[in-house]
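Chemist: Sharing a structure, written as structure tokens. Questions coming.
The values are calculated or read from the model by the stated rules, or taken from the named source; none is laboratory data. Quick caveat, the model's predicted, so the values are computed rather than measured. No Cβ is skipped: glycine too gets one built from the backbone with ideal geometry, and neighbour counts run over all protein chains shown.
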């Protein structure tokens, strides 16, 4: 126990600080903690006071849910990192790159960099909103906003992301099983790709409170409140989790990593605990909110990471700063705030105690805490003991002098203590006795409650002074800090026994379309198995949440079927089917290994059993090779390898066999082959036309040189003294640039086809009338439920037609908006025809003719596109507007396709008929065929299948010399043959045909070819040239006729 000599002229015992000026709030070094500043209230303080409140808490990060100009202006030069938000209803607008640039120029550029804007959150919890339009718009909107930041040079300072609900996960327990919901994988993949390209974080709104509220009997309260508890251990990673928030974050990290983006940082954009709730909101209480947020503050001050990423601090934004009285929903939604709107704390977080616990100072924290201090002090203060500067025998260190100087600066505010201390002697006293005397003298225990001094407050001077004193009391917090020897702080922790925590969310059962159809996709694998000696087809499908068994299989195998309440299973295409029974702990074999699990009974189309995520999660780590259809895992200490079954080959069967097989199987593809004869029509040219072409051959012949010099060449005259246009090329951000390059590459293949089509359209007899710009144009337009149609008319004749299908977003428009959109579509489509001249618009929607108020931003946008045109809008009844109406409805699907007949037509050469006649007429071939019919193995290499004689798969050609000559001509003289040499010609024929002496026949045929010399001298290959020379040489010595029925067995 330390002692000291007290001197009346030394005042270095107590140092008083205001909460707003002390270093004992939230420490300035904690850069991972932020707070959400909501504004859905009618009694919130102005932004200037909010800024002062944040500064007092030393919180330097905040997030708002709009771009309130008052807040952006007030936060200028404050040093606070600010994240702003694009409202959900604005996503459809900022998808347009120009609108996104306008938004950034209006809402960001005027305030940056004075206001330290570090992020833009595009919408909030879009993927779980159920709005398909918003889900489709969010990533394009983010791309457009990032592109605008790039153009303005702000992309290196401001990141673009979106806050997601934890409900985007299909699984979150254990954390290593974290996966995204099947129906969100496509759009989530686009989001992750964008975040990876721009190095932006993935933001998640994680609330352990919701998990506890739904399952309070299964989840320990200490686990979700960061209190001491046994926690959980992930069975696969063996990582230990002592709180649910970190487990939820790591589940998101695993889900992101499974998508191939393990480098992304995951940040918590919202987390908190309500201090009040309705009767059915279990856990929403003041005490729980205080514990959760205080413990979260402690964790953040340590700059902790999650167990999966211990070296990467977890950035967290607490929800929320204020209780917002105008928020809809249950009571808890209005009670997440640390502060009431009047500036008083909802509960005491004891921030000073939290900060000092994490400090490296030797001082500890006593349990003395108050919301006020005695009025005799005359100053709102913290009482800090300076034990380290109290030295026996009056000696002082350099730190003593520094702290003593700080004390002297406070003397004017310590008059009451000074007068009391002046009466003390120089006797040696203990620190404990001195602290006790101070407390006894100034009665700190009298003011334990914040209302104590507030009720005694009276106006004695000016109104301004009274108001300042009142405001100081509303925000005051007092703590008495003493030395190590005063006593130790005792923390009692209840260590419970190990608890198994089930954090499974209540998932909606889901089955993929592939599982119902039995088809194999990129995320499924088909294997064979047995249930009680019955062979079953099993589809392992990661897109299905549960295990399913066909009811017919369950009955045939005698499984124990239990009736249950109807369970509606959502198919990936959006439809729902019902399951009313299940088989518990059904045992089956795969590759000789027994497995056992529960199955729901559901009618399956193309397989007998579906093993979904319910079974896959029990296997632990899985190595799944979809390319080679191989799956490896460990179960019960053994290594198991499953190999998927490949698709069987197509077989030709008889009609009777087909009918029999269709009664056994549930799914089959039937194709029928038949001969389709193509009719060729000879082109006959009229003699008069040929005479005309011959007489003017110089006109119709292909040009061989440039056009002759004209007396007047057309050019664009420039204004005298003007310079050629020199415009800076338009630059795209790199993300749209990559997409544009990809589209261009896809279009290159179609350029030639498009040019040919255009040439044919321009050179054939036109159906449409040529436009006459001296006459009036009429635009007829109409809109249907799924498309837009328009026709440009002049003097009753159509000049152009146009139609367009409505996008998913436009399908939700009202009839008035669709008809107005049709007008805008037609006018902008034919702008070159209509701009600068008067024209008429005819529509069958009378409301467009009448004076209507333009109410929505979208209607304003369309109206601006019609400005600058001179037109009259006329009404035309629907019966008369049939052309535009038909064009608007051409995208409708009037009937549902029930079945489809596909015909594959292919030309069959008359060679096949000639070859078949050879088989019928040649006696040797007939004997060969009869032998093969009786005993297929009598003649090795030969086969008779499908009424065709083949040798090693090639058609056998009879001794007919003319037929062989035709085949040689086709293989050698045709454009496909290209007058190749002996070896290439032989190789080409042997692909399809076979006869004895083929090579000799080819060599003789080429040697007799009249163009041999030309081929040799025109640069054919050395090998082919030598072949020709040998053939000619052999021709001189002997001549061998083609044919000869030799060598047949």
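Chemist: Might you let me know whether the range 135-145 holds any residue that is in the same structural domain as residue 264 (by TED's automatic domain parsing), crowded, with 23+ Cβ neighbours inside 10 Å and within 25 Å of residue 74 (Cα to Cα)?
Modeler: The answer is yes; a qualifying residue exists.
Chemist: Could you please let me know if residue 252 is surrounded by 22 or more Cβ atoms within 10 Å (Cβ to Cβ) and in the same structural domain as residue 293 (by TED's automatic domain parsing)?
Modeler: Here the answer is yes, as residue 252 does meet what is asked.
Chemist: Out of 329, 337, 272, 262, I need the residue that is surrounded by fewer than 17 Cβ atoms within 10 Å (Cβ to Cβ), at pLDDT 85 or above and under 18 Å from residue 205 (Cβ atoms). Which one?
Modeler: 329
Chemist: Further question: Filtering the range 33-53 down to residues that are touching a residue at least 60 places away in the same chain (Cβ under 8 Å) and in a helix (DSSP H, G or I), which residue is surrounded by the fewest Cβ atoms within 10 Å (Cβ to Cβ)?
Modeler: Among residues in the range 33-53 that are touching a residue at least 60 places away in the same chain (Cβ under 8 Å) and in a helix (DSSP H, G or I), the one surrounded by the fewest Cβ atoms within 10 Å (Cβ to Cβ) is 49.
Here is a yes/no grid of residues against (1) on the phi > 0 side of the Ramachandran plot; (2) part of a helix (DSSP H, G or I); (3) in contact (Cβ under 8 Å) with a residue 12 or more places away in the chain:
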residue	(1), (2), (3)
66	no, no, yes
70	no, yes, yes
79	yes, no, yes
103	no, yes, yes
113	no, no, yes
133	no, yes, yes
147	no, yes, yes
157	no, no, yes
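Chemist: Follow-up question, since we're still on this one. If you check residue 818 against the conditions, is it in contact with a strand residue (DSSP E or B) (Cβ under 7 Å, 6 or more places away or on another chain), surrounded by fewer than 18 Cβ atoms within 10 Å (Cβ to Cβ) and modelled with pLDDT of 85 or more?
Modeler: no
Chemist: Please give the number of the condition residue 352 fails out of (1) in a loop (DSSP other than H, G, I, E, B); (2) at pLDDT below 90; (3) over 34 Å from the mean Cα position of the chain (by Cα).
Modeler: Against the list (1) in a loop (DSSP other than H, G, I, E, B); (2) at pLDDT below 90; (3) over 34 Å from the mean Cα position of the chain (by Cα), residue 352 comes up short only on (1).
Chemist: In addition: Could you please let me know if residue 550 is touching a strand residue (DSSP E or B) at 6+ places or on another chain (Cβ under 6 Å) and under 14 Å from residue 610 (Cβ atoms)?
Modeler: no
Chemist: So residue 125 fits all but one of (1) at positive phi; (2) in contact (Cβ under 8 Å) with a residue 40 or more places away in the chain; (3) out of contact with any strand residue (DSSP E or B) (no Cβ under 7 Å at 6 or more places or on another chain); what number is the exception?
Modeler: In the conditions (1) at positive phi; (2) in contact (Cβ under 8 Å) with a residue 40 or more places away in the chain; (3) out of contact with any strand residue (DSSP E or B) (no Cβ under 7 Å at 6 or more places or on another chain), residue 125 misses (3) alone.
Chemist: Something else: Exactly one of (1) modelled with pLDDT of 90 or more; (2) assigned to a loop (DSSP other than H, G, I, E, B) is unmet by residue 83. Its number?
Modeler: Status for residue 83: all satisfied but (2).
Chemist: Specify the residue that is farthest from residue 123 (Cα to Cα); the eligible residues are those in the range 54-77 that are modelled with pLDDT under 90 and surrounded by 17 or more Cβ atoms within 10 Å (Cβ to Cβ).
Modeler: 56
Chemist: Residues that are in contact (Cβ under 8 Å) with a residue 40 or more places away in the chain, out of contact with any helix residue (DSSP H, G or I) (no Cβ under 6 Å at 6 or more places or on another chain) and farther than 20 Å from residue 177 by Cβ: list the helices (runs of 4 or more DSSP H) wholly contained in the range 209-310 that include at least 3 such residues.
Modeler: Here the list reads 286-301.
Chemist: Now for a separate question. Would you confirm whether any residue within the range 960-967 is touching a helix residue (DSSP H, G or I) at 6+ places or on another chain (Cβ under 6 Å) and within 21 Å of residue 1003 (Cα to Cα)?
Modeler: Yes, because at least one residue in the range 960-967 is touching a helix residue (DSSP H, G or I) at 6+ places or on another chain (Cβ under 6 Å) and within 21 Å of residue 1003 (Cα to Cα).
Chemist: Hey, among the residues in the range 750-779 that are assigned to a loop (DSSP other than H, G, I, E, B) and over 30 Å from residue 838 (Cβ atoms), which one's modelled with the highest pLDDT?
Modeler: Only one residue tops the list, namely 750.
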